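Report on one structure; see the data block that follows.
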Amino acid sequence: MTTETSRAPIASRTAARRPIVAVLVVIFTVVDGALQVLLIERSAAPAEGRWAIPGGAVLHGETMDEAAVRKLAEETGVTDVFLEQLYTFGDLDPSPEEGSVGVAWFALVESASVRLAQRTAWRPEWWNLDDLPPLAFDNEQVIDVARTRLINKLQYTDAAYSLLPPQFTMRELQEVYEAILGRPLDKRNFRRRLLASDFIVATPEKRTDGRHRPARLYRFASRS
């Protein structure tokens with residue numbers, strides 16, 4: 001007995017899923033001893049009226065790195081700062097049928113050097129990390145990942161250089177570290193550890209603050 005097997009033609013195939021890709025930039029600064037992040041108040045759907053991390057689509061002919069630098073410059077007016085790719089997040093924005101991918105960077109900027117974009121729509125504003133509003137697109141998890149990465153980088157890099165002026169006191173440097181870590185540090189241990197590292201060097205300059213005796217100024221050995 002012979003059995004014939006026939007294969008029915010495939011009537012249709014599911015189109016390959018091509019998610020929308022956006023660049024996100026988590027921008028940190030330190031103000032008055034507190035770590036802050038830049039957020040944008042959205043003025044259009046989806047999530048109109050809610051706050052979110054600065055971001056947007058990659059322009060034609062632009063690499064993702066270039067898009068991150070452009071977005072940082074658009075929001076803060078600076079580019080020559082610490083900027084590093086962070087992580088790729090899937091489906092932060094559930095509204096597109098084809099799905100979405102957010103490729104995130106994080107940047108560190110000195111507040112005094114920043115000039116926030118002046119606009120009424122899509123308004124930018126600094127927010128303390130301990131007092132964030134409800135965020136659009138599950139952006140809380142992006143900020144959490146960025147802060148964890150920043151804390152880890154403090155242990156073995158000079159990433160904090162972008163949060164300080166070219167010359168600074170040891171107290172100012174410690175305040176930046178404490179703001180990022182979220183806890184006080186022992187002054188003597190901190191000073192000893194940083195001076196033993198290759199990150200900073202003493203300058204011949206001193207600064208007088210009020211009634212305190214002049215404080216030695218330091219600089220980073222490299223700003224990279």
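Observations on the structure shown:
- Selection of the stretch 48-59 for residues being in a loop (DSSP other than H, G, I, E, B) and open to solvent by 30 Å² or more (accessible area, probe 1.4 Å) yields E48, G49, R50, V58, L59.
- Helices (runs of 4 or more DSSP H) within the stretch 139-224 that include 3 or more residues over 30 Å from A104 (Cβ atoms): 187-196
- Note on the stretch 73-96: residues that are over 17 Å from the mean Cα position of the chain (by Cα) and either buried (at least 20 other Cβ atoms within 10 Å of the Cβ) or at pLDDT 95 or above (or both) total 1.
- Going through (1) at positive phi; (2) open to solvent by less than 40 Å² (accessible area, probe 1.4 Å) one by one, S197 falls short only on (1).
- Taking the criterion of being closer than 19 Å to L217 by Cβ and of a type outside the set (A, V, I, L, M), the residues of the stretch 170-185 that qualify are R171, E172, Q174, E175, Y177.
A quick yes/no check of all residues on (1) touching a helix residue (DSSP H, G or I) at 6+ places or on another chain (Cβ under 9 Å); (2) open to solvent by 10 Å² or more (accessible area, probe 1.4 Å); (3) closer than 16 Å to L116 by Cβ:
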{"residue": "L24", "(1), (2), (3)": "yes, yes, no"}
{"residue": "T29", "(1), (2), (3)": "yes, no, yes"}
{"residue": "V37", "(1), (2), (3)": "yes, no, yes"}
{"residue": "S43", "(1), (2), (3)": "no, yes, yes"}
{"residue": "G61", "(1), (2), (3)": "no, yes, no"}
{"residue": "E66", "(1), (2), (3)": "no, yes, no"}
{"residue": "K71", "(1), (2), (3)": "no, yes, yes"}
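- If the condition is being touching a Phe, Trp or Tyr at 6+ places or on another chain (Cβ under 6 Å) and either surrounded by 13 or more Cβ atoms within 10 Å (Cβ to Cβ) or among the acidic types (D, E) (or both), then the stretch 125-141 contributes only L135.
- Residue within the stretch 100-118 that is in contact with an Asp or Glu (Cβ under 8 Å, 6 or more places away or on another chain), assigned to a loop (DSSP other than H, G, I, E, B) and open to solvent by less than 60 Å² (accessible area, probe 1.4 Å) present: yes
- Scanning the stretch 151-165 for residues that are farther than 21 Å from R207 by Cβ and crowded, with 19+ Cβ neighbours inside 10 Å turns up just one, A159.
- Failed condition for F168, given (1) open to solvent by 20 Å² or more (accessible area, probe 1.4 Å); (2) under 17 Å from T29 (Cα atoms): (1)
The values are calculated or read from the model by the stated rules, or taken from the named source; none is laboratory data. All values reported here derive from a predicted model rather than from experimental measurement. Please note: Cβ atoms are built from the backbone with ideal geometry, for glycine as well, and neighbour counts cover all protein chains shown. The accessibility values were calculated without ligands, DNA or RNA, using every heavy atom of the protein model including side chains. Shrake-Rupley method; radii C 1.70, N 1.55, O 1.52, S 1.80 Å.
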